[in-house]
Amino acid sequence: MNAEPARTVPTQVPPLRQVTLGPQDVIVDKRADGCLLLRSPQPLGPYPAKITERLVHWAKAAPDRVLFAQRDKSSGWRTVTYAQALRQAREIGEALLARNLSAERPIAILSGNDIEHALLGLGALYAGIPYAPISPAYSLVSNDLARLRAIFELITPGLVFAADGAAFSRAIQTVVPADVEVVVARHPTPGRSTTLFDALHATPTPAIEAAHDAVGPDTIAKFLFTSGSTGVPKCVINTQRMWCANQVMLRQALAFLAEEPPVILDWAPWHHTAGGNHDVGLVLFNGGTFYIDEGKPMPGAIDETVRNLREIAPTWYFNVPKGFEALLPFLRSDAALRETFFSRMKMLWFAGAALAQHVFEEIQDLAVQACGERILFSTGFGSTETAPFALARTWPTANAANMGLPGAGMELKLVPNADKLEARVRGPNITPGYWRQPDYTAAAFDDEGFYKLGDCFKFADPDDPKQGLLFDGRIAENFKLATGTWVHVGPLRAQFIDACAPYVRDVVIAGEGRDDVAVLVFPNVDACRALCSGLPADAPSDIVLNDARVRAQFAALLETMARGSTGSSTKICRALLMAEPPSLDKAEMTDKGSINQRAVLTNRAALVEEVYGSAPSPRVIRIKE
């Protein structure tokens, strides 16, 4: 499974830390129907039939190496080695076999990332029983539990796990049927019969090895739910083939993974494909160590991440753009933290949303300050349906928006769609479909078997395709003005957030059927508050956002953007600052913080009318005519 012929990143000034990467190349075929077919010239190497083959391999090759580590109550690190993980996977797998679980009665995991979650997942994988990690927010944040209830009705789980039975008691008592076994690591759910996780072990018998031998490439490994950024979450079938092939694609692109087992500190939730497939898989496949970060990229919670990064120096680091933004003040002010963080870093990786250009550039500047070298700060593109790796950028670029090129073994079809190129993909890493949702499955694939991503791309350099692809918006979000001019929401949204940093957390673009473009802004209230000297530190959000200094700042930013616009489709004429954050229950946002453009516009239709009223309210900020 070694990578194909690799290349070494050339030294530049400031020098770029050298790491071994796959070739930067692509084959482009243009068809008579106008479609472009892109593929890597690098063939996909062999991959195992099941991901647990790698657990077995590393348990023999490096039995005492730490696989998972998590903070314990004494602030030390509780660890599980590869040998311990394999032993417990077999014991847990044996116990699961006795419960008559299957794809029709899978395991549902309600709680987040922890060692018990990891071991239960490995046990299920070893036994060939699918499991479904579910967003904890659906149990803990949602008021009506509607999404959790819909998920249970769809997948009909036969066993439910929650780390803390008391914390998840409302969800368990309300949604989990009485005849479904509940397993908890601690604090049994009041009024509900529960099994303690430590009891979910059994002495391995030949049955568990027979079950493991029967697991093959088409065995369902997991059910993962889409984020719901454009609608109700769908249940994506994840097979062993998808996960294993995807990890080989990843390792051929990031060839340094085969040279040195990766060490990562990571918070990305395992109910998302980025955390649960990409990051966990990256460590397990390559014999690395995964430090479970219980911090989060938000005020207050980021401090735990910083504490961990003072002790752990990752070799590969992933975060969402807001996570890198949250880390910036700490890296900027603390030289010791900078030096530890960048000391053995081979690559920084962001995904999940567009990264502001100033954050992209400052992170690289801080790396130079810390170690005298730039660190490759890269990204890629994929979805829950692609396992998730599909595109990757493996070379330095000045443009944070460059998504890279297709991975080995996968085809990317670019289909003309109005003045855009719609992206579709085909390969061994693509889902066979959605569980018990045949209509969604039928709609997701074209007549050639390509999965329709729903996203558009364009070439960074039309004359040189190997320079990569730029994200060019989602088809479902784009709309026309009254003039018939298309507004491409994705690029305009990214432009607005970048131009208005740090005063904006997110934005929704409005204007379908209207004469001009407007925005509903979810502001960074703390950054806005900094503009208002003299206001009490605890002044309510609406007071801050209606302060004349805040409104003047946004008016100036709109005017600056308008002067640089190229026409009505890129000229934002009106804005309204919203004090009420996006709602999870109303599907305005996903649990990972992505905005559902359509849901916000629907739920806040009155605000859109206020923005476009013949006599706009005083809250509406407008550019000068």
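The values are calculated or read from the model by the stated rules, or taken from the named source; none is laboratory data. In this text, all values refer to a predicted model and were calculated from it rather than measured experimentally. Using ideal geometry, Cβ is built from the backbone for each residue, glycine included, and neighbour counts are taken over all protein chains shown.
Miscellaneous remarks
- The sole residue among LEU196, LEU200 that is touching a Pro at 6+ places or on another chain (Cβ under 8 Å) and either under 21 Å from ILE92 (Cα atoms) or aromatic (Phe, Trp, Tyr) (or both) is LEU196.
- The residue that is modelled with the highest pLDDT, among those in region 465-507 that are in a loop (DSSP other than H, G, I, E, B) and closer than 21 Å to LEU453 by Cα, is GLY468.
- Within region 562-610, if we keep just the residues that are small (Gly, Ala, Ser) and in contact with a Ser or Thr (Cβ under 8 Å, 6 or more places away or on another chain), the residue that is nearest to LYS322 (Cα to Cα) turns out to be SER594.
- Region 414-442: number of residues that are among the aromatic types (Phe, Trp, Tyr) and part of a loop (DSSP other than H, G, I, E, B): 1
- First in region 316-342 and touching a residue at least 24 places away in the same chain (Cβ under 8 Å), second anywhere and of a type in the set (Gly, Ala, Ser), Cβ under 6 Å, 6 or more apart: VAL320/GLY352; PRO321/ALA353; ARG338/ALA370; GLU339/ALA370; THR340/ALA313; PHE342/ALA367; PHE342/ALA370
- Scanning region 580-596 for any residue that is loosely packed, with under 14 Cβ neighbours inside 10 Å, assigned to a loop (DSSP other than H, G, I, E, B) and of a type in the set (A, V, I, L, M) turns up nothing.
- For region 422-432, the condition of being among the polar types (S, T, N, Q) and free of Cβ contacts under 8 Å to residues at least 60 places away in the same chain holds for none of the residues.
- Filter result for ASP538 (part of a loop (DSSP other than H, G, I, E, B) and within 17 Å of ARG622 (Cβ to Cβ)): no
- Any pair with Cβ under 8 angstrom, 6 or more apart, that starts in region 256-275 at a residue that is closer than 17 Å to GLY295 by Cβ and ends at one that is of a type in the set (Asp, Glu) and part of a strand (DSSP E or B): GLY275/ASP266
- Residue match in region 273-290 (condition: acidic (Asp, Glu) and part of a loop (DSSP other than H, G, I, E, B)): no
- Residues (surrounded by fewer than 20 Cβ atoms within 10 Å (Cβ to Cβ) and of a type outside the set (Lys, Arg)) located in region 409-420: GLU411, VAL415, PRO416, ASN417, ALA418, ASP419
- Within the option set LEU414, LEU421, LEU355, being out of contact with any Asp or Glu (no Cβ under 8 Å at 6 or more places or on another chain) and assigned by TED's automatic domain parsing to the domain that holds GLY276 holds for one residue only, LEU355.
- Members of region 547-579 found to be under 18 Å from ILE509 (Cβ atoms) and either outside the structural domain of VAL600 (by TED's automatic domain parsing) or part of a loop (DSSP other than H, G, I, E, B) (or both), listed by number: GLY564, SER565, THR566, GLY567, SER568, SER569, THR570, LYS571, MET578
- Residue within region 522-534 that is surrounded by 13 or more Cβ atoms within 10 Å (Cβ to Cβ) and over 23 Å from ALA326 (Cα atoms) present: no
- Criterion: at pLDDT below 95 and of a type in the set (Phe, Trp, Tyr) - qualifying residue of PHE330, PHE324, PHE290, PHE341: PHE324
- Among strands (runs of 3 or more DSSP E) entirely within region 76-155, having at least 3 residues that are surrounded by fewer than 21 Cβ atoms within 10 Å (Cβ to Cβ) singles out 77-81.
- The residues of region 490-513 that are within 19 Å of LYS458 (Cβ to Cβ), among the aliphatic types (A, V, I, L, M) and surrounded by fewer than 22 Cβ atoms within 10 Å (Cβ to Cβ) amount to a single one, ALA494.
- Some residue of region 171-181 being surrounded by 15 or more Cβ atoms within 10 Å (Cβ to Cβ), touching a strand residue (DSSP E or B) at 6+ places or on another chain (Cβ under 7 Å) and more than 18 Å from ILE134 (Cβ to Cβ): no
- Matching residues in region 433-445 - criterion: being touching a residue at least 24 places away in the same chain (Cβ under 8 Å) and aliphatic (A, V, I, L, M): ALA444
- Qualifying residue in region 345-360 (condition: farther than 24 Å from VAL507 by Cα and free of Cβ contacts under 8 Å to residues at least 24 places away in the same chain): no
- ASN546, sole failed condition from (1) at pLDDT below 90; (2) surrounded by fewer than 18 Cβ atoms within 10 Å (Cβ to Cβ): (1)
- When each of PRO388, PRO428 is tested for being more than 16 Å from PRO465 (Cβ to Cβ) and either surrounded by fewer than 21 Cβ atoms within 10 Å (Cβ to Cβ) or over 18 Å from the mean Cα position of the chain (by Cα) (or both), the lone residue that passes is PRO428.
- Qualifying position, being buried (at least 22 other Cβ atoms within 10 Å of the Cβ) and more than 19 Å from the chain's Cα centre (by Cα), among PHE290, PHE285: PHE285
- Residue list for region 443-453, restricted to those being surrounded by fewer than 19 Cβ atoms within 10 Å (Cβ to Cβ) and assigned to a helix (DSSP H, G or I): ALA443
- From GLU339, GLU325, GLU304, residue being of a type in the set (Asp, Glu), surrounded by 17 or more Cβ atoms within 10 Å (Cβ to Cβ) and part of a helix (DSSP H, G or I): GLU325
- The single residue among GLN247, GLN240, GLN252 that is out of contact with any strand residue (DSSP E or B) (no Cβ under 9 Å at 6 or more places or on another chain), crowded, with 23+ Cβ neighbours inside 10 Å and touching a residue at least 24 places away in the same chain (Cβ under 8 Å) turns out to be GLN252.
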